[in-house]
There are 2 protein chains.
Amino acid sequence: MKKSITIKEIAEKAQVSIATVSMVLNKKDKKISQATREKILIIAEKYNYTPNTMARSLITKQTRTIGLIIPDIVNPFFPEIARGVEDKASELGYSVIYCNTDDKIKREDKYINVLTEKMVDGIIFAHSSDRQMGFDSLDRCKVPILLIDRDYENKNVIGRVVVDNKKGAYMATSYLLDRGYKKIAYIAGSITTTTAIGRLEGYNQALTERKLVIDNRYIKVGEYKMQWGMQAAEQLLCEKEPADAIFCGNDLIAIGAIKKLKEYGLRVPEDIGIVGFDDIYLASLVEPPLTTIKQPNYEMGFKAAELLIKNLEKGRVNSVKNENNKILAKENNILLPTELIIRMSTK
Amino acid sequence: MKKSITIKEIAEKAQVSIATVSMVLNKKDKKISQATREKILIIAEKYNYTPNTMARSLITKQTRTIGLIIPDIVNPFFPEIARGVEDKASELGYSVIYCNTDDKIKREDKYINVLTEKMVDGIIFAHSSDRQMGFDSLDRCKVPILLIDRDYENKNVIGRVVVDNKKGAYMATSYLLDRGYKKIAYIAGSITTTTAIGRLEGYNQALTERKLVIDNRYIKVGEYKMQWGMQAAEQLLCEKEPADAIFCGNDLIAIGAIKKLKEYGLRVPEDIGIVGFDDIYLASLVEPPLTTIKQPNYEMGFKAAELLIKNLEKGRVNSVKNENNKILAKENNILLPTELIIRMSTK
DNA sequence: CTGAAAGCGCTTACAG
DNA sequence: CTGAAAGCGCTTACAG
């Protein structure tokens, strides 16, 4: 491929210094005469000049690139986040390097290193729930990190954008109770993540508020998979007093549960109520359509990019002051609301 | 954030020159004594040295970053591609900057510029079908481009990885004929893209091979949306001799068609056969489960990254020779096979 | 085996 | 209003 013209070459052609060219091309040209300016601009246009951002970044210490580390873009939970991030970033003149970790800490660490070497200005990170406090590669990270979806404590974390899982689970459980179901089970995908803990709390709160007893036999913990939804639903059906409604940790679990209930000849929602969490593409096409707690994934990505970049640019203004503000400003912790989407069968 | 130590500082601490440090850190240290090597390595380790790839790239003209330009990561067609690209790229030591265009040529052009400025080594590009030959921003692009999914002619295109749409459509249509359906309709999403043309050809071929007449009333052209599937299915049902099977341009169209058929009280596949193209997440959960032509999207991304990077590195070896090989080597045009996935109702 | 020097393409005080 | 110069952090011939 043909290489680009440089400011040095433009300077020669225009018979001016490279400093002047640089200033004109960067619009820091208040002090440059109109004649000079035009001469330079015309040459740059003619030779299709593209600046070399490598060279620029070397001086400015700013790449206008951010990293996005997620478990897996194929997991339908993440494309919307990724899209939100990219939309806001590109609006603000930033590019995004994206990385898939499959929730493996080794890969996370590798990507944090790579992104550091590429000198990204910041990282948006949906980390593995297995991440352990203590001796952590995040400590050695030289780049500000903003967490999404899952929370974590680390000195390099400058902010977090998470979903109000507790409220969502509360809404889901309350919805089922409002519709007259009495014994609400909860099929969880996990119980260790901050996300999962929030959902359990919301479930508990809804029951407690109505003075209902929390029955551990109705709480099943497994993985966020369809298979587990089927398995857990079967377990629930075998209890002496089977539950009459199920709040599912995510849509995949819910879909599995529905499948199993059908096998047992149970109708949803006539015989048993179901609400899922998350919002998978086509969830509305499953039969019966799945009522879910929708997570604002696009907004999560969008807000995260906005917050990160805002902080980066603020940081540049008074970087000295920022050096040891380990206490996170409250406005850097964003809790996004969820929404209950009720879907009815069209039959 | 704390800044990284530089090779200059390491050189001072180790009492050697920066050249020596550079060689050791880059493993080009055959000629360096073991003692010196170790001294340097220990210091680098101790101070948690991370190389500044900006500085390096400025000299080597290589960023080990590629661009991925796609219409929309939220469209379920693209996550698998993106994942394939990232997997292969990271395996080969490359990062990927990803961009969403919404099929807008302006955004495509913008991203091509941005990626050029960021000095990516190459671009994997799923372009808008509206792209016009002639005065084209791609011509001015300074970076090698590899096309995926959709073909296009341009001097900067060094390769293409596309799906065998013709064969896929042929398989879909033949499958329906084999099952005894007589009048196969085709609801297309488009008729202008190379992709769409391939599918139409395959459909025609299957009919022609069995000496069946191609009836234009059975071919409906619209968009790749569920809404259009519903609409077109309705149109087909209103024909004097309604079709008894439909090959759908993609899964969304197929799902829309199924929906409409249900409204008319028609059963799939007893009353009418349906085959879709593409493979959307959860397509197996729609009722009845959708038989589709699966596109090897992950492989497409994976192969694309492999092919692009292989060419980049080859190009570096003999860049002079490569300058004007406008004729694309045959091995740079990859046609990936599709697969027929038959899904039956479990009832 | 190692170092001095040039240079990648740019920005940024500083001087005039 | 404009230019000369230093320097960002690195690599790469070249010399010894």
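Taken together, the values in this text are just the output of simple stated rules run on the coordinates, not laboratory data. Worth saying up front: this structure is predicted, and the values here are computed from it rather than measured. Here Cβ is always computed from backbone atoms with ideal geometry, including for glycine, and neighbour counts include all displayed protein chains.
One table, with the values for the structure above:
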item	result
Paramagnetic reach from residue A:19 (point 7 Å along Cα→Cβ, amide N under 19 Å) across region A:56-85	A:56, A:59-60
Pairs of Cα atoms farther than 50 Å apart, the protein assembly as shown, %	22 percent
Trypsin sites (Lys or Arg not before Pro) lying in DSSP loop within region B:20-108, provided at most 16 other Cβ fall within 10 Å	B:27, B:28, B:30, B:31, B:61, B:104
Nearest-first distances (nm) between copies at residue A:102, label 7 Å from Cα via Cβ	3.5
log10 of Debye I(q)/I(0), alpha-carbon scatterers only, for chain B at 0.10, 0.12, 0.13, 0.14 Å⁻¹	-0.70, -0.89, -0.99, -1.08
Computed over region B:143-192: relative contact order in percent, which uses C-alpha pairs under 8 Å that are six or more apart	24 percent
Spatial extent of region B:131-188: Rg and Dmax, with the Cα atoms as the point set, Å	17.9, 54
Set of lysines with alpha-carbon distance to residue B:28 below 23 Å, sequence-local pairs under 8 removed	A:110, A:118, B:8, B:13, B:39, B:46, B:61, B:310, B:314
Computed FRET value (nearest 0.05) for residue A:58 with residue A:227, which takes r as the C-beta separation and R₀ as 51 Å	0.50
Where labels lie 7 Å past Cα in the beta-carbon direction, separation of residue A:179 and residue A:45 in nm	6.3 nm
Spatially proximal lysines relative to residue A:182 (Cα-Cα < 29 Å; intrachain offsets below 8 disregarded)	A:166, A:167, A:211, A:220, A:225, A:240, A:259, A:260, A:262, A:294, A:347
Equivalent-ellipsoid semi-axes of region A:7-51, from the Cα gyration tensor, Å, largest first	14, 10, 10
Cβ-vector label at 7 Å, residue A:8, separations to other copies in nm	1.9
Cα-Cα P(r), region A:209-302, percent of pairs per 10 Å interval	16, 48, 27, 8, 1
Exposed-loop-free span, longest in chain B, where GluC sites (Glu not before Pro) count as exposed if DSSP calls them loop and at most 11 other C-beta atoms lie within 10 Å	B:1-152
DSSP-defined antiparallel bridges as percent of all bridges, the protein assembly as shown, nearest 5	10 percent
Relative contact order [Cα under 8 Å, 6+ residues apart], region B:165-295, whole percent	27 percent
Residue of B:41, B:237, B:266 that the Gaussian network model of chain B assigns the largest fluctuation, springs spanning Cα pairs under 10 Å	B:41
Region B:129-269 - Rg and Dmax from Cα coordinates, angstrom	17.6, 57
Relative contact order of chain A, defined on C-alpha pairs under 8 angstrom at six or more residues apart (%)	17 percent
Using a 7 Å Cα-to-Cβ projection, residue A:238 label spacings across copies, nm, ascending	5.4
Efficiency of FRET between residue A:310 and residue B:211 - r from beta-carbon atoms, R0 60 angstrom, step 0.05	0.35
Residue A:267 versus residue B:234: modelled label distance in nm, points set 7 Å from Cα along the beta carbon direction	2.8 nm
Separation between Cα centres of region A:109-188 and region A:216-257, rounded to whole Å	24 Å
Within region B:165-295: Cβ-based charge dipole about Cα centre, in debye rounded to nearest 20 (Lys, Arg +1; Asp, Glu -1)	220 debye
Restricting region A:232-266 to trypsin sites (Lys or Arg not before Pro) in coil, as DSSP defines it, with at most 12 other Cβ within 10 Å	A:240
Environment charge at residue B:178 (Cβ cut-off 13 Å; Lys +1, Arg +1, Asp -1, Glu -1)	+2
Positive-end residue, the protein assembly as shown charge dipole about Cα centroid, Cβ charges, pick of B:11, A:277, B:221	B:11
Ranked list, fewest to most other Cβ atoms within 10 Å of each Cβ, for B:147, A:115	B:147, A:115
